[in-house]
Structures are given as structure tokens and as C-alpha cells.
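The values are calculated or read from the model by the stated rules, or taken from the named source; none is laboratory data. Source: prediction; values computed, not measured. A quick note on method: Cβ atoms are made from the backbone with ideal geometry, for glycine too, and the neighbour counts reach across all protein chains shown.
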């Protein structure tokens, strides 16, 4: 594979994640390493990257802003907010989508929807808000204008989608006019924008993010066609005009080399768990904080250890903690220690979710008397040890 194609694949990887947010910029940057204007003219204060740790990049897809306003005075909110966490050592990518209506505290502005941070204080405040919301470092950011997304899709020749339902919505004040019919069709930039901005789903922002992920898959298929390489100059020109980032050209080159080694199965997608609620007449997305904390730990602080839960199933005081300590001494990460649904378990059992049998077998190497059982319920999300009466 020739070098330009490798770079293009990396670019497409980021398009898949951020709905065309500007990783065609990589190619252009690599050919203009001496140009001082590659990075943002107004870089934000992002965290210093610790070598060997995860690198977290905030991707911001901006909306159209105030209709009719001059661009230099326009206040763009963010339609798409995504944190991409890269582990270059272990070769994995984790992607967290944050609903735009998520209720947060924005410094200096009180309780707001998280998408307002960009309008109030640009990328600087958006980065600061996401950092405080998640409690994780943000090392870099990429912000793309809505027009850039439309133009990139057009430059690709459109994207084929199979639309499952009629999509109709009009908001003249917000400049939104959506009218899409069901069926398989090729979406140009304008219709692609309608598709990713549509919000008329029963589960609101959650449904919208799922639809965006479907679009990402279709976009990557289109972009991987050999004919795309011929369109790179046009796409690069679009990205130059519509993308702002603090990632240096040399770092982009490093990221390109990393992405070249990534496979589809190395990428895991997440979405902030929660639900929509009206508070004081305003519609917000309210995160489930306990579940979000667990997700944050898994995405940003996971050291690769096998996570397990230990439940007391025999009634002996402290037995679950004793087993948990034994497992932790062997490198396992115990995330739950609690009582089982009863104390009548005779045999210690390792219940594992589908696809986690190998993890359960490693646990069984420590708890040699335990039997293995595949769980069938949705509540079994990690190997769970129920300590029976055969352990004392």
C-alpha cells in the first residue's frame, strides 16, 4: 500500500468517528510541515500528554450558529461532542459520545446544556467543560464547521444510506429544514446534514447518536472506495477552511502511523448513559452518574486487568472480601463485593457473559474448585463469582 493511501485510511478513520471532522487535514499537514499556520491560531490550554498513557482528543462538530449573523460575530454551539481515547501501547481506541443536551455546569455561566460551552467561550471553554464533566484530561481538540461536513460529503460524491422512517422537521429560527423519505438513496451534503441533525426519535438524543453512528459506517464505506483518492485535493481544501485544531503536523503524522495499525475490532464505541428530562421547562439529558463513573473508569483508566464481581453466596462473614483480596493479589480488578441473592450456594460458581469465557477460565486458575456457567441475563456484564459453601 502506498504512503498516501495509508494516510487516507487514517483520515477516513477519524471521519468515521467525528462525522467528517477534519482528518483529511492530516494529509495536507504532512505536505506542509513548515507552514506555521497548521495548528489553531488561538490554541486552547489542553493537558500535557504523559508518554505511555492514553491520549484523549475532543472532537467538536459545530452547528450553523445564529442565522444571518456575520461569521466573525457568530456563536456556534456543538451538534456533535465526542471524546476519542487512544492507547498507542495496547493499540486500542475508545470513543465516547456525549449528548448535546447533557446538563452540566459551565464555568461562569451556571447550569447549561453542554453544547453551549462552545458558543460562550469557544474551544477553550468547551475543552474545560468536558474535562470537568468527565474528570479526565483532554490533550487535544478538533473543531469542524457544519459547512465543512456538508462540503466533504459532496466532495466524496455523496453517501448511500437506507433510511428507515420519514424524517420531517422544520425550525426556521434555527435554519433547520429536514425532509427525507424512507428508502435506500445517496445523500448529498445537504441531505446528509439533515440526516445527522434529525432529532425526532422516541429516545431523542440517544436515537440521534445511534443514527449518526450508522451514518459513520456508511461514510467510511464510501470513503474507502479507490476513487476517493482522486478527490483528496478538493477535500483537503475544504478541511483547511473549516477545521480548527491544536494538533501539530508532527503529532498528526504520529497519529497517522498509529491509525495504520488499528483494526476495526480495536475500536469500541460508548455513549453517556442517561435519560431525557424537563427541568424548569427546559429539556435536558441527565446522565446516570453511577453508570457513567463505571464507564469513565473503563474507557480512560482501564489498565487491561480482568474486571470481576465477587458475591457472598454462603453467608460466612467476610468471605467475599477474602476471595476478592486473593484475586486482586493475582492481578484481577474487583469492582464489586456484595451479597448474593441467597446464602444457599453449595458450589462456588463463576458466571460469565457471552464472549468472556476466556476471562472466566483465567479466574478458575486461581479458584480451582469453582465451576463455570455462562450467564444468560442482561445483568451479567462481567465475570461474577458467587462464593459457595465449599470455600471457607
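Odds and ends about this structure:
- The listed residue being in contact with a strand residue (DSSP E or B) (Cβ under 8 Å, 6 or more places away or on another chain), surrounded by fewer than 16 Cβ atoms within 10 Å (Cβ to Cβ) and over 29 Å from residue 211 (Cα atoms), out of 312, 339: 339
- From the options 218, 211, 192, 143, residue that is surrounded by 15 or more Cβ atoms within 10 Å (Cβ to Cβ), over 26 Å from residue 237 (Cα atoms) and either touching a helix residue (DSSP H, G or I) at 6+ places or on another chain (Cβ under 9 Å) or at pLDDT below 90 (or both): 211
- Positions within the stretch 363-384 being within 20 Å of residue 298 (Cα to Cα) and at pLDDT 90 or above, in sequence order: 363, 383, 384
- When the stretch 248-259 is filtered for residues that are surrounded by 15 or more Cβ atoms within 10 Å (Cβ to Cβ) and either modelled with pLDDT of 90 or more or assigned to a helix (DSSP H, G or I) (or both), the ones remaining, listed by number, are 249, 251, 252, 253, 255, 256, 258, 259.
- Residue check for residue 124: surrounded by fewer than 22 Cβ atoms within 10 Å (Cβ to Cβ), free of Cβ contacts under 8 Å to residues at least 40 places away in the same chain and in the same structural domain as residue 231 (by TED's automatic domain parsing): no
- Among the residues here, residue 287 does not qualify as closer than 30 Å to residue 208 by Cβ, surrounded by 15 or more Cβ atoms within 10 Å (Cβ to Cβ), under 24 Å from the mean Cα position of the chain (by Cα) and without any contact (Cβ under 8 Å) to a residue 40 or more places away in the chain.
- Residue match in the stretch 83-91 (condition: under 25 Å from residue 199 (Cα atoms), modelled with pLDDT under 90 and in contact with a helix residue (DSSP H, G or I) (Cβ under 6 Å, 6 or more places away or on another chain)): yes
- The condition of being at pLDDT 90 or above and within 24 Å of the chain's Cα centre (by Cα) does not hold for residue 279.
- Filter result for the condition that a residue is loosely packed, with under 13 Cβ neighbours inside 10 Å and modelled with pLDDT of 85 or more, over 172, 166, 202, 226: 166
- As a summary of the residue check, residue 335 satisfies the conditions (1) at pLDDT 95 or above; (2) under 30 Å from residue 205 (Cα atoms) except for the one numbered (1).
- Qualifying residue in the stretch 100-112 (condition: under 25 Å from residue 207 (Cβ atoms), in contact (Cβ under 8 Å) with a residue 60 or more places away in the chain and in contact with a helix residue (DSSP H, G or I) (Cβ under 7 Å, 6 or more places away or on another chain)): yes
- Residue within the stretch 113-128 that is farther than 22 Å from residue 84 by Cα and in contact with a helix residue (DSSP H, G or I) (Cβ under 7 Å, 6 or more places away or on another chain) present: no
- In the set 143, 155, 211, only one residue is within 24 Å of the chain's Cα centre (by Cα) and assigned to a helix (DSSP H, G or I); that residue is 211.
- Hits in the stretch 162-192 (condition: farther than 16 Å from residue 222 by Cα, assigned to a helix (DSSP H, G or I) and under 24 Å from the mean Cα position of the chain (by Cα)): none
- Residue in the stretch 295-308 that is farther than 30 Å from residue 81 by Cβ, touching a strand residue (DSSP E or B) at 6+ places or on another chain (Cβ under 9 Å) and not in a loop (DSSP other than H, G, I, E, B) present: yes
- Among the residues listed as 322, 268, the single one being in the same structural domain as residue 136 (by TED's automatic domain parsing) and either part of a loop (DSSP other than H, G, I, E, B) or out of contact with any helix residue (DSSP H, G or I) (no Cβ under 7 Å at 6 or more places or on another chain) (or both): 268
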